[in-house]
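The values are calculated or read from the model by the stated rules, or taken from the named source; none is laboratory data. Since the structure is predicted, the reported quantities are computational estimates derived from the model, not experimental observations. Positions of Cβ are backbone-derived with ideal geometry, glycine not excepted, and every protein chain shown enters the neighbour counts.
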Amino acid sequence: MPAKKKQFIAYAATEAPQCKGRDKVMNTPPAFHQLMGRVTALIAGLPLDHALQTYLNQEIGPDSDLYQDIFMACRQGVADGWMCSRTGGGIRYGRVIKPDAGLDGFSVDVVDMTNLAGPHHAHPQGEIDLIMPLDDTAQFDGHGAGWLVYGPGTAHRPTVSGGQALVLYLLPDGAIAFTAA
């Protein structure tokens, strides 16, 4: 069993996480909403493009406290059952936050995928993905841990390979269009 998978299993069996440098436990939907507000405050009004992807990976990439806090909160939310509470096609998923003015209009979805491709969809306004591998070798659309940004009008078949990963999606106005191809 890969080391990260072992860490996740051990983690899920322990008490609720403490966010780094703070006493607040991040295991409730309202606390998660507040955490997401820290991300959207950094990106409000910025175009969804490669420059944003670079910025996010530099400022709040996998080695940052904010990335680690989000990862910890997602693992705990999944373990507690309020995140990724739906299943379909081998994917655990769920919209955690509907489009919200307090998050600059972004919605938040989280999926839990293992070695599979999800349904093809388009991003009318773009999509920001936070990739959180649960297995060391897991990748999402060919990318490891960190941020991936799809610009407006792009489309893909979201694919996790090399193991299991959680992927958080920020969608402007919650806009997503599932397509046949």
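So for region 15-26 (the condition being at pLDDT 50 or above and within 24 Å of S107 (Cβ to Cβ)), does at least one residue qualify? Looking for residues that are at pLDDT 50 or above and within 24 Å of S107 (Cβ to Cβ), one finds at least one in region 15-26, hence yes. Criterion applied to Q53, Q7 was being out of contact with any helix residue (DSSP H, G or I) (no Cβ under 6 Å at 6 or more places or on another chain), among the polar types (S, T, N, Q), in a helix (DSSP H, G or I) and modelled with pLDDT of 95 or more, and the one residue passing it is Q53. Checking each residue in region 103-124 for being of a type in the set (F, W, Y) and exposed (fewer than 15 other Cβ atoms within 10 Å of the Cβ) picks out no residue at all. Residues in region 38-50 that are among the hydrophobic types (A, V, I, L, M, F, W, C) and in a helix (DSSP H, G or I): V39, A41, L42, I43.
Got a sec? Which of L171, L130, L103 is closer than 23 Å to D63 by Cβ and in contact (Cβ under 8 Å) with a residue 12 or more places away in the chain? Just a single option satisfies the conditions, and that option is L130.
Checking G77, G94, G118, G89 one by one, the residue that is free of Cβ contacts under 8 Å to residues at least 24 places away in the same chain and either within 20 Å of L171 (Cβ to Cβ) or among the hydrophobic types (A, V, I, L, M, F, W, C) (or both) is G94 and no other. Restricting region 129-155 to residues that are under 19 Å from R95 (Cα atoms) and not aliphatic (A, V, I, L, M), the residue that is farthest from the chain's Cα centre (by Cα) is Y150. Of all residues in region 60-90, those satisfying the criterion of being closer than 16 Å to Q164 by Cβ and either in contact with a His (Cβ under 7 Å, 6 or more places away or on another chain) or in a loop (DSSP other than H, G, I, E, B) (or both) are M83, C84, G89, G90. Close Cβ contacts (under 8 Å, 6 or more residues apart or on different chains) running from residues in region 57-73 that are closer than 14 Å to W147 by Cβ to residues that are hydroxyl-bearing (S, T, Y) and in a helix (DSSP H, G or I) comprise I60/Y67; G61/Y67.
Inspection of region 160-171 finds no residue satisfying the criterion of being part of a loop (DSSP other than H, G, I, E, B) and either touching a Cys at 6+ places or on another chain (Cβ under 9 Å) or not basic (K, R) (or both). Taking the conditions (1) surrounded by fewer than 16 Cβ atoms within 10 Å (Cβ to Cβ); (2) polar (S, T, N, Q); (3) more than 20 Å from Q164 (Cα to Cα) in turn, N57 satisfies each one other than (1).
For region 91-125, residues that are in a loop (DSSP other than H, G, I, E, B) and either closer than 25 Å to Q34 by Cα or of a type in the set (G, A, S) (or both) total 7.
Matching residues to (1) surrounded by 20 or more Cβ atoms within 10 Å (Cβ to Cβ); (2) over 20 Å from V96 (Cα atoms):
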residue	(1), (2)
G126	no, no
D136	no, yes
G144	no, yes
G151	no, yes
G163	no, yes
L170	yes, no
A175	no, no
